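Right, one structure below, let's go through it.
The values are calculated or read from the model by the stated rules, or taken from the named source; none is laboratory data. None of these values were measured; they are calculated from a predicted model. Cβ placement follows ideal geometry from the backbone for every residue including glycine, while neighbour counts extend to all protein chains displayed. In case anyone asks, the SASA skips ligands and DNA or RNA and just uses the protein heavy atoms, side chains included. Shrake-Rupley method; radii C 1.70, N 1.55, O 1.52, S 1.80 Å.
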Amino acid sequence: MKTSPRNGPPRFRHWPAALALSPVWAIALLLFVGTAGYTVYLSFTASRMMPVNEFVGFEHYIKLFGTRRWNTSLANMGILCVTYVLGCLVLGFLLAAALDRKVRFENTLRTIFLYPQAVSFVVTGLVWQWLMNPGLGIQAAVQGWGWESFTFDWTQHRGTAIYAVAIAGLWQGAGLTMILLLAGLRGIDHSLWQAARVEGIPLWRTYVSVILPELTPAIATAATLLFMGIVRTYDLIVAMTNGGPGSATELPAKFIMDNLFDRMNIGAATAGASVMLISVMAVIVPVLYIRALRKGGRKPV
Amino acid sequence: MDPILDIRNASIAYGQTVVVPELDLSVAPGEFIVLLGPSGCGKSTLLSAIAGLTDLAGGQIWIRGQNVTWAEPKDRGIGMVFQSYALYPRMTVEQNLSFGLKVGGTDKATIRRKVAETAGILQLEPLLKRRPADLSGGQRQRVAIGRALVRDVDVFLFDEPLSNLDAKLRGELRIEIKRLHEELQRTMVYVTHDQVEAMTLADRIVVMKDGHIQQVGTPAEVYGSPANLFVAGFVGSPPMNLLAGQLSGGELALGDGTRVTMTGYPLPEGAAGAAILGLRPEQLFPLEGALPEGACRLDARIDMAEELGPSTVLWCDIAGTRCCYSVPGRGAQAHGAELPLFFYPGAASLFDAQTGQRL
Amino acid sequence: MTARPRAARGITREAEGPRPFRVEPGRIGLYLFLAVAAAFFILPLYVMLATSFKSLDEVRLAQIFALPHTLDISAWIAAWTSDCEPGQCFGISAGFWNSVKITVPSTAISVLLGAFVGYILSFWRPKGADTLFAIIVLAGFIPLQVFVYPVVRAFAWLNLYGTLSGIVLVHVIFSLPLTVLLFRNYYAAIPHDLFQAARIDGAGFLRIFWSLMLPMTGPMLVVAGILQFTGIWNDFLLGLVFAGRENLPMTVQLNNTVNVTFGEVRYNVNMAATLLTAAVPLAAYFVSGRWFVRGITAGAVKG
């Protein structure tokens, strides 16, 4: 009989635990695995208004990648990956490094940098929509101060609107990155700093050559998190630009929701969702796997 | 000889809390100085001030005839080996050794030569391409020392480098540091709370408590003639036996009435009053036959024996105080046995019971 | 050994005591950067607050950075009681109470369930426990868009779609990955010997959880509670899809109210409504401070 190495007694004695866990199994298998599977299944059927069982192969996928709106949303995701993820990492690192330099009011500043994390994306979207409204927001105010030629109307133009979204996202997401990197910085052996100082390494060089490499795991965690954030970004867009102007700020998450509930195109929506599922798995499974390997037998953090 | 490191009237404070009040210490070139004391005695703070990582509140620090009190650590001619070694984790051993020079703008050929030289001295050649994570504790220590060595520093500072290690490794690395010091003949200032490390490594030990220097002396002096009760109790394991008594006319009356004549002890003129007799465990001998000349007799009742292999520590009761003495080999005695012992007062220690200072 | 000349800064014969105080340019730059960053983060909150106290005439001046001339709270009253949606005429207060009705039970149930499942997965580890944990964690990374349509169908079939219990159940289910992860990791740090000792003393499955583990879980209950509360309060997608017209949470109602495209936009009322929506999680954040930070760093592992 196989016995658990940790608990000693054979596992069949754990029947109350197994019983208690069965509803969780049901949720996991039916609502997580099952629904995801059904979504993938639907993407191969001729479903439009209502789900049907007629099999059409990759038709929806071929159509999907011929849809301008979908391709725009993918391109926008790419733009946000560069601007938003990189922006959050850079700003978050600078904030964390600054707060780590024994500054006054550290707690107050940290509270200020992090509070956007506590508000809804809807709130963030609405606030920045107003701030970037050229007639009423920052542009109007600065022009009112006498700088007549000042323009800040990114949300109004197809080419710039997605960058406006990135700024709003940066406002909300930089604090989280800061907190993660600050925790990483605080975990670094203090004598590393002293050793560098004794050797006369300039501060910037210490950061680049010694500290940043030490932060790699924290940076990787933050980057993964930020990327996941973009993939699921829906409410921010709805509240801030509603995908506009035109479809300039569409994102896959919104594309799928629109096709599911407004446009009644289940085939396109489920095909998009399946693409999303595969790309997320492609990122996350290796990340989790590497993390599990690195940790070896150690307990997860 | 001019001191290579001279600490003049230095005091260190954190905010309003004075950690080290006015302190003076001179270190001769090539000397191995150990700062010894319990945690919180200010020894690490003092080391950090010598390195320039902590500001002085007052006083000066001179290194090789230069006042470095306000100088940056890198300009002081010091190298530091940290408790955690603080090797740059993502750099190879070679990069660890050369990083400081590279940043300092030394030309490549010189860097290569110096790294090769250092690696030769410390036998690091086979490890140059490895990273700190792939090194053993002893190898890490050598790299940490090497990092100071390439920079050609005058004074090596060690901050409890062995305290994170297990007992066996600690013993091995202690010997390695000692060998290195003998080879390099550099000045080393070494902080520890472990009196065995201090005894085995030091040319001179500086015993500290509450920021004050208690005694400066060779290991033999500190061990054999502790300057006060604190040093007597802190240095030595098992600790020094301390017997309280009344001193009058060169004679000490112990608690149970035993009288001990302090023949051969350099008693100051007119010393009298409450005093404490200090005897190292190996300064007590079992008395067989007649009392040797210049010796003094004490009666002991055996309590317990600890066999350590090469020697045996016997715990006993002398004049109502729990004491111990050691005999070579196996020396088990029956529990409760009454046994006469003797010691030479000339080699013993005597302290004033009030001030704790050596008489 | 020969003395090498060292002409370095700070080596002067008369140096004594602490290094002389110098204002370093780097330090000034540091504080300057922090001040600019703080301004960037505070700005939106400030603009919302200032605008919400302005009258509509003052809003039209388009001076968003200016302080209001008078403290006019009529916008706040309008937002709370009578801001009109097309066809319906009630303020954000309805959404507020809906959000309370959704968030409180969802938080309580999901935290307790997470603790219970985490307890089983950490200590009892019945057959397949690791597989189950892997499925749950992985599900946490997958965007809701992948699950949402089949779940809608299933809930409609179960007559749960558009009901209060339906939206609570949805929140509990989709919170499971986060709460289970938090509690499993928390319990993993508790010595297994303690659990073994309790078993040897004859304590059973439920007793160990209720009398031994749950009382030790205090800090994590608070952390997970705050995290879940703010997360569920701020939810938009699930509320929009599952809550139904009667139970729309505050975030959805806010967006519907504010993003109307006709009529004159009453910005002061909109800002007041937005602030009211943000107020509850913000209060939780400012009051709980470090707990909130602990929650998001612990939750960050999952995302």
Subject >> Qualifying positions in segment A:103-138 - open to solvent by 30 Å² or more (accessible area, probe 1.4 Å), over 17 Å from C:A38 (Cβ atoms) and in a helix (DSSP H, G or I) >> reply: A:F121, A:Q129
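Return a yes/no flag: does segment B:19-37 have any residue that is of a type in the set (G, A, S), within 14 Å of chain A (Cβ to nearest Cβ) and surrounded by fewer than 21 Cβ atoms within 10 Å (Cβ to Cβ). I'd like the intermediate steps shown before the answer.
The initial filter retains those residues of segment B:19-37 that are of a type in the set (G, A, S), namely B:26, B:28, B:30, B:37.
From the residues that got through so far, the ones that are within 14 Å of chain A (Cβ to nearest Cβ) too are none.
The answer is no, given that none of the residues of segment B:19-37 is of a type in the set (G, A, S), within 14 Å of chain A (Cβ to nearest Cβ) and surrounded by fewer than 21 Cβ atoms within 10 Å (Cβ to Cβ).
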**OP:** May I ask you to list the residues in segment A:239-265 that are part of a helix (DSSP H, G or I) and in contact (Cβ under 8 Å) with a residue 40 or more places away in the chain?
**Re:** A:A239, A:M240, A:P252, A:K254, A:F255
**OP:** Give the residues of segment B:240-273 that are assigned to a loop (DSSP other than H, G, I, E, B) and either closer than 20 Å to B:S225 by Cα or in the same structural domain as B:V222 (by TED's automatic domain parsing) (or both), sorted by residue number.
**Re:** B:M240, B:G250, B:M262, B:T263, B:G264, B:Y265, B:P266, B:L267, B:P268, B:E269, B:A271, B:A272
Subject >> Members of segment C:28-59 found to be over 30 Å from the mean Cα position of the chain (by Cα) and surrounded by 13 or more Cβ atoms within 10 Å (Cβ to Cβ), listed by number >> reply: C:S55, C:L56, C:E58, C:V59
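Let's see how each residue does on (1) touching a residue at least 40 places away in the same chain (Cβ under 8 Å); (2) among the aliphatic types (A, V, I, L, M); (3) open to solvent by 40 Å² or more (accessible area, probe 1.4 Å); (4) touching a helix residue (DSSP H, G or I) at 6+ places or on another chain (Cβ under 8 Å):
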| position | (1), (2), (3), (4) |
| --- | --- |
| B:V143 | yes, yes, no, yes |
| B:R147 | yes, no, no, yes |
| B:F156 | yes, no, no, yes |
| B:D159 | yes, no, no, yes |
| B:L173 | no, yes, no, yes |
| B:V189 | yes, yes, no, yes |
| B:Q195 | yes, no, no, yes |
| B:I205 | yes, yes, no, yes |
| B:H212 | yes, no, yes, no |
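For segment A:77-95, name all the residues that are surrounded by 24 or more Cβ atoms within 10 Å (Cβ to Cβ), among the hydrophobic types (A, V, I, L, M, F, W, C) and under 14 Å from A:L181 (Cβ atoms).
If we filter segment A:77-95 for residues that are surrounded by 24 or more Cβ atoms within 10 Å (Cβ to Cβ), which is where we start, we get A:80, A:84, A:88, A:92-93, A:95.
From what is left, the residues that are among the hydrophobic types (A, V, I, L, M, F, W, C) are A:80, A:88, A:93, A:95.
Hits for segment A:77-95 are A:C88, A:F93, A:L95.
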**OP:** Say whether the condition of being more than 16 Å from A:L74 (Cα to Cα), part of a helix (DSSP H, G or I) and free of Cβ contacts under 8 Å to residues at least 60 places away in the same chain is met by at least one residue in segment A:224-238.
**Re:** yes
Subject >> Matching option when the condition is within 14 Å of chain B (Cβ to nearest Cβ), in contact (Cβ under 8 Å) with a residue 12 or more places away in the chain and closer than 30 Å to A:L131 by Cβ, among A:I219, A:I211 >> reply: A:I219
**OP:** May I ask you to say which residue of B:E172, B:E197, B:E176, B:E117 is acidic (D, E), part of a helix (DSSP H, G or I) and closer than 26 Å to B:P3 by Cβ?
**Re:** B:E197
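Within segment C:143-164, which residues are part of a loop (DSSP other than H, G, I, E, B) and more than 8 Å from chain A (Cβ to nearest Cβ)? Before the answer, list the steps.
Step one: filter segment C:143-164 for residues part of a loop (DSSP other than H, G, I, E, B), giving C:143-144, C:158-163.
Listed by number, the residues that qualify are C:L158, C:N159, C:L160, C:Y161, C:G162, C:T163.
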Original post:
Looking at (1) among the polar types (S, T, N, Q); (2) under 30 Å from B:P3 (Cα atoms); (3) open to solvent by 30 Å² or more (accessible area, probe 1.4 Å); (4) out of contact with any Lys or Arg (no Cβ under 9 Å at 6 or more places or on another chain), which is the one condition that is false for B:T106?
Top reply: (4)
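Take B:I318 and tell me if it is surrounded by 13 or more Cβ atoms within 10 Å (Cβ to Cβ) and in contact (Cβ under 8 Å) with a residue 60 or more places away in the chain. Break it down into steps so the answer makes sense when it comes.
Details: surrounded by 13 or more Cβ atoms within 10 Å (Cβ to Cβ): yes; in contact (Cβ under 8 Å) with a residue 60 or more places away in the chain: yes.
Criteria met by B:I318.
Mind checking which residues of segment A:157-198 are of a type in the set (V, I, T) and either touching a Ser or Thr at 6+ places or on another chain (Cβ under 7 Å) or in a helix (DSSP H, G or I) (or both)? Outline the logic, then answer.
Going through segment A:157-198, the residues of a type in the set (V, I, T) turn out to be A:160, A:162, A:165, A:167, A:177, A:179, A:188, A:198.
The answer is A:I162, A:V165, A:I167, A:T177, A:I179, A:V198.
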